[in-house]
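Peer 1: Next up is a structure, given as structure tokens.
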Amino acid sequence: MRRTRSLTLAAGLAVGTLVLAGCGSDSDAGSGDEVEVEASVAEAPEFPEGSTMAEIADAGTMDIGTKFDQPGFGLLNLEEVPEGFDVRIAEYIAGQMGVAPEDISWTEAPSAQREELIESGDVQMVVATYTINDERRERVTFAGPYYVAGQQILVAADNDVITGPDDLAANPDQVVCSVTGSTPAENIRQYLASPDQLVEFSVYDDCISALDNGQVQAVTTDNVILTGFVAESDDAYKLVGEQFTEEPYGIGIEKGDVEFCEFINESLQQAADDGYYQQAWEETAGQFEGTEVPELPAADACE
């Protein structure tokens, strides 16, 4: 099992305008034109005394949980720094409190550990392909959603047995893998011939390794995550069937912190209004063929 890891971005990361080449998307970024994203950091922002925002702004640093193993959303690069759409969204919110990217401490947030990281105070928010649901709302407060995904299935390119979730029960020798504590792991159970047909690991990298060595024949999670694995596989994998769930991604914070939740929702709307949200997508998950630039979903009421 991979242990939770923490790291702080190297000071060499740029603050301000980031310029990256976009490619491989259905958006304008696919043309190969350069795309500019304004990663602004507020100067001396003021917040109500005692609020989470004021505490973070006064400290000038922030602890954030994200995934380290999901292409397009949260993946460690060669410098061991996370990058992806979740990372960009988190950086924008931190910037509204005066925290620059290099002052963020990143903690790996596997699915089964996200609530614990928030409750323990190890992180102040989790942005980690974190599906909002009622069970999790009992332990944390969610801002957002900021994106809505859908669950799908990934198999080896030469697998013609599994064409969608309904084929799993009819083929009990086809074992599917997902991640412990994730909604995809729970959702797929209704399609299985028996509980033994599901293997769970702590991170999706282990599921992909198990697929490669023949321990499992399918991997299931949200389609945008699987699209990243397909794009990096040199045609070794493929997605099958249509998406069969809706997974609204939220930002997890301490239970009951309504003021912070409302601030995050305002920040998300501002990111969409100034174009950051759309261009951040184009430079991350939008790089993968078949993806489309999403619209920011309407925010849920903060509780």
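The values are calculated or read from the model by the stated rules, or taken from the named source; none is laboratory data. Keep in mind that this is a model prediction, so the values were computed, not measured. Please note: Cβ atoms are built from the backbone with ideal geometry, for glycine as well, and neighbour counts cover all protein chains shown.
Peer 1: Kindly provide the set of residues from region 197-210 that are within 15 Å of PRO71 (Cβ to Cβ) and either touching a Ser or Thr at 6+ places or on another chain (Cβ under 7 Å) or buried (at least 23 other Cβ atoms within 10 Å of the Cβ) (or both), ordered by number.
Peer 2: TYR204, CYS207
Peer 1: Could I ask something else about it? List pairs: first in region 64-81 and on the phi > 0 side of the Ramachandran plot, second surrounded by fewer than 24 Cβ atoms within 10 Å (Cβ to Cβ) and part of a loop (DSSP other than H, G, I, E, B), Cβ under 7 Å, 6+ apart or cross-chain?
Peer 2: GLY72/PHE288
Peer 1: Output the number of the condition that GLY50 fails; it satisfies all remaining conditions of (1) free of Cβ contacts under 8 Å to residues at least 40 places away in the same chain; (2) closer than 16 Å to ALA285 by Cα.
Peer 2: Going through (1) free of Cβ contacts under 8 Å to residues at least 40 places away in the same chain; (2) closer than 16 Å to ALA285 by Cα one by one, GLY50 breaks only (2).
Peer 1: Determine the pairs where a residue that is without any contact (Cβ under 8 Å) to a residue 24 or more places away in the chain, located within region 236-258, has a partner that is among the basic types (Lys, Arg) and loosely packed, with under 15 Cβ neighbours inside 10 Å with Cβ atoms under 6 Å apart, the partner being 6 or more residues away or on another chain.
Peer 2: Cβ pairs passing all conditions: none.
Peer 1: Checking the condition surrounded by fewer than 24 Cβ atoms within 10 Å (Cβ to Cβ) and either touching a strand residue (DSSP E or B) at 6+ places or on another chain (Cβ under 7 Å) or not assigned by TED's automatic domain parsing to the domain that holds ALA109 (or both), which residue from GLU55, GLU80, GLU46 passes?
Peer 2: Numbers: GLU55 fails: either touching a strand residue (DSSP E or B) at 6+ places or on another chain (Cβ under 7 Å) or not assigned by TED's automatic domain parsing to the domain that holds ALA109 (or both); GLU46 fails: either touching a strand residue (DSSP E or B) at 6+ places or on another chain (Cβ under 7 Å) or not assigned by TED's automatic domain parsing to the domain that holds ALA109 (or both).
Residue meeting the stated conditions: GLU80.
Peer 1: Kindly indicate which of GLU247, GLU266, GLU283 is of a type outside the set (A, V, I, L, M) and surrounded by fewer than 18 Cβ atoms within 10 Å (Cβ to Cβ). If you could, list the steps in order and put the result at the bottom.
Peer 2: Details: GLU247 fails: surrounded by fewer than 18 Cβ atoms within 10 Å (Cβ to Cβ); GLU283 fails: surrounded by fewer than 18 Cβ atoms within 10 Å (Cβ to Cβ).
After applying the criteria, what remains is GLU266.
Peer 1: Of the residues that sit in region 262-296 and are within 17 Å of the chain's Cα centre (by Cα) and assigned to a loop (DSSP other than H, G, I, E, B), which one is modelled with the lowest pLDDT?
Peer 2: The extreme case among them is THR291.
Peer 1: Go through region 58-77 residue by residue and tally those that are crowded, with 17+ Cβ neighbours inside 10 Å and either modelled with pLDDT under 95 or farther than 24 Å from CYS261 by Cβ (or both).
Peer 2: 7
Peer 1: Tell me the residue from ALA156, ALA128 that is in contact (Cβ under 8 Å) with a residue 24 or more places away in the chain and surrounded by 21 or more Cβ atoms within 10 Å (Cβ to Cβ), please. Steps first, please.
Peer 2: Values: ALA156 fails: surrounded by 21 or more Cβ atoms within 10 Å (Cβ to Cβ).
When all the criteria are applied, what remains is ALA128.
Peer 1: Further, regarding this structure: Scan region 157-173 residue by residue and report those that are over 21 Å from THR227 (Cβ atoms) and either in a loop (DSSP other than H, G, I, E, B) or not assigned by TED's automatic domain parsing to the domain that holds ASP234 (or both).
Peer 2: VAL161, ASN171, PRO172, ASP173
Peer 1: Restricting attention to region 98-139, which residues are in contact with a helix residue (DSSP H, G or I) (Cβ under 7 Å, 6 or more places away or on another chain) and among the charged types (D, E, K, R)?
Peer 2: Of everything in region 98-139, those that are in contact with a helix residue (DSSP H, G or I) (Cβ under 7 Å, 6 or more places away or on another chain) and among the charged types (D, E, K, R) turn out to be GLU115, ARG136, ARG139.
Peer 1: Determine whether region 175-188 contains at least one residue that is assigned to a loop (DSSP other than H, G, I, E, B), surrounded by fewer than 22 Cβ atoms within 10 Å (Cβ to Cβ), in the same structural domain as ALA156 (by TED's automatic domain parsing) and out of contact with any helix residue (DSSP H, G or I) (no Cβ under 9 Å at 6 or more places or on another chain). Let's see the steps before the verdict.
Peer 2: As a first pass, look at region 175-188 and keep what is assigned to a loop (DSSP other than H, G, I, E, B): 175, 180-182.
Still in the list and also surrounded by fewer than 22 Cβ atoms within 10 Å (Cβ to Cβ): 175, 180-181.
In the following step, the residues that additionally are in the same structural domain as ALA156 (by TED's automatic domain parsing) were identified as 175, 180-181.
From what's left, out of contact with any helix residue (DSSP H, G or I) (no Cβ under 9 Å at 6 or more places or on another chain): none.
No, because not a single residue in region 175-188 is assigned to a loop (DSSP other than H, G, I, E, B), surrounded by fewer than 22 Cβ atoms within 10 Å (Cβ to Cβ), in the same structural domain as ALA156 (by TED's automatic domain parsing) and out of contact with any helix residue (DSSP H, G or I) (no Cβ under 9 Å at 6 or more places or on another chain).
Peer 1: Inside region 65-113, can you point out the residues that are under 24 Å from ASP273 (Cα atoms) and among the basic types (Lys, Arg)?
Peer 2: Hit for region 65-113 is ARG88, nothing else.
Peer 1: Additional query: Can you tell me how many residues in region 184-213 are at pLDDT below 95 and of a type in the set (Ser, Thr, Tyr)? Spell out the reasoning first.
Peer 2: First, the residues of region 184-213 that are at pLDDT below 95: 202-205.
Now restrict to residues that are of a type in the set (Ser, Thr, Tyr): 202, 204.
Residues meeting the conditions: 2.
Peer 1: Here are ILE153, ILE132, ILE162: which of them is touching a Gly at 6+ places or on another chain (Cβ under 9 Å) and farther than 17 Å from GLY241 by Cα? Walk me through how you get there before you give the answer.
Peer 2: Details: ILE153 fails: farther than 17 Å from GLY241 by Cα; ILE162 fails: farther than 17 Å from GLY241 by Cα.
Every option except ILE132 fails the conditions.
Every residue, every condition in (1) of a type outside the set (Asp, Glu); (2) more than 22 Å from the chain's Cα centre (by Cα); (3) on the phi < 0 side of the Ramachandran plot; (4) modelled with pLDDT of 95 or more, yes or no:
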site: GLN215; (1), (2), (3), (4): yes, yes, yes, yes
site: ILE225; (1), (2), (3), (4): yes, no, yes, no
site: LEU239; (1), (2), (3), (4): yes, no, yes, yes
site: PRO248; (1), (2), (3), (4): yes, no, yes, yes
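Peer 1: Quick check on this structure: which one of GLU116, GLU135, GLU102 is of a type outside the set (Val, Ile, Thr), touching a Leu at 6+ places or on another chain (Cβ under 8 Å), assigned to a helix (DSSP H, G or I) and over 18 Å from THR284 (Cα atoms)?
Peer 2: Numbers: GLU116 fails: touching a Leu at 6+ places or on another chain (Cβ under 8 Å); GLU135 fails: touching a Leu at 6+ places or on another chain (Cβ under 8 Å).
Going through GLU116, GLU135, GLU102 in turn, the sole match is GLU102.
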